[in-house]
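Have a look at the structure below before the remarks.
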Amino acid sequence: DVQLLESGGGLVQPGGSLRLSCAASGFTFNNYAMTWVRQAPGKGLEWVASISERSGSSIYYADSMRGRITLSRDNSKNTLFLQMTSLRGEDTATYYCGKGSSAFPRGSHFDFRGQGTLVTVSS
Amino acid sequence: EIVLTQSPGTLSLSPGERATLSCRASQIFSSAYLAWYQQKPGQSPRLLIYGASTRAADIPDRFSGSGSGTDFTLTISRLEPEDFAVYFCQQYGTSALTFGGGTKVEIK
């Protein structure tokens with residue numbers, strides 16, 4: 001079974017940084033696109049970033065976070081990372097990672113299997 | 001960016017009733033790239049439908065999706081107690097995924 005375990009969230013001050021991780025199992029990680037989406041408390045879902053398979057040659061970022069985030073993957077560890085800097089109050093949300101249905105994000109539907117990791121940006 | 005608008009915001013129904021949820025896009029796109037998700041409090045979104053009408057693995061056949069162009073529909077033929085939740089549509093035909101604002105299906 002596909003399993004995704006997000007971690008790395010926590011309380012951070014405005015302007016601070018965090019690195020989120022998503023440990024994947026139950027599938028051949030390096031064959032699939034991956035993504036992060038987030039959900040502010042009581043709000044809807046917002047896409048954050050996506051990365052293509054293996055080499056991660058295609059990476060896409062949401063305008064709301066571009067320039068402040070870096071998405072990467074370590075295929076040897078079956079892990080997806082989201083490095084976030086210059087965090088703001090509006091970045092407070094639960095972050096979920098998802099597995100794509102194919103190698104590239106465009107045209108892939110995504111499966112979210114983890115419980116998410118909560119990021120709280122507050123002084 | 002493709003903007004998705006879901007209606008109604010809240011649907012109040014009783015178990016056994018039929019639920020019809022709408023998702024309208026700001027521009028035409030291929031139905032091959034439309035998904036529906038269910039989310040319950042404290043849980044991650046669960047994939048129900050992809051390609052506008054294909055049920056994901058282990059999804060009961062009371063869930064069905066349809067539509068094309070700019071108008072898409074999720075239908076739950078007979079609501080079970082576990083179906084009361086929030087439902088989101090999503091398009092994945094562009095490099096930037098977008099979600100609708102969600103429809104809450106609540107017990108009447």
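Quick note: the coordinates plus some simple rules give every number you see, no bench work behind them. Computed from a prediction, not measured in an experiment: that's the story for all the values here. Backbone-built Cβ (ideal geometry, glycine too); neighbour counts: all protein chains shown.
A compact table of results
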| quantity | calculated |
| --- | --- |
| Theoretical gain in end-to-end length, B:D71 to B:T54 [0.36 nm per residue, Cα-Cα removed] | 4.5 nm |
| Averaged over A:107-119, number of beta-carbon atoms from partner chains that fall within 10 Å | 5 |
| Compactness of chain B, expressed as Rg and Dmax over alpha-carbon positions, Å | 12.9, 39 |
| Of B:G101, A:I51, A:Y32, farthest towards positive along the dipole that unit charges on Lys, Arg, Asp, Glu beta carbons give the protein assembly as shown | A:I51 |
| Percent of Cα-Cα distances greater than 27 Å, calculated over the protein assembly as shown | 32 percent |
| The range B:4-47: C-alpha gyration tensor shape, a/c 1.5 cut-off, then a/b vs b/c | oblate |
| Candidates B:L48, B:L21, B:L11: whichever shows maximal mean-square fluctuation once chain B is modelled as a Gaussian network with Cα springs under 10 Å | B:L11 |
| Peptides A:114-120, B:25-31 ordered by average Cβ neighbours within 10 Å, highest first | A:114-120, B:25-31 |
| A:Q3 versus A:S64: modelled label distance in nm, points set 7 Å from Cα along the beta carbon direction | 3.1 nm |
| Normalised alpha carbon radius of gyration of the range B:45-108 [divisor 2.2 N^0.38 Å] | 1.14 |
| Net dipole in debye of the range A:19-99 [+1 Lys, Arg Cβ; -1 Asp, Glu Cβ; about Cα centre; nearest 20] | 120 debye |
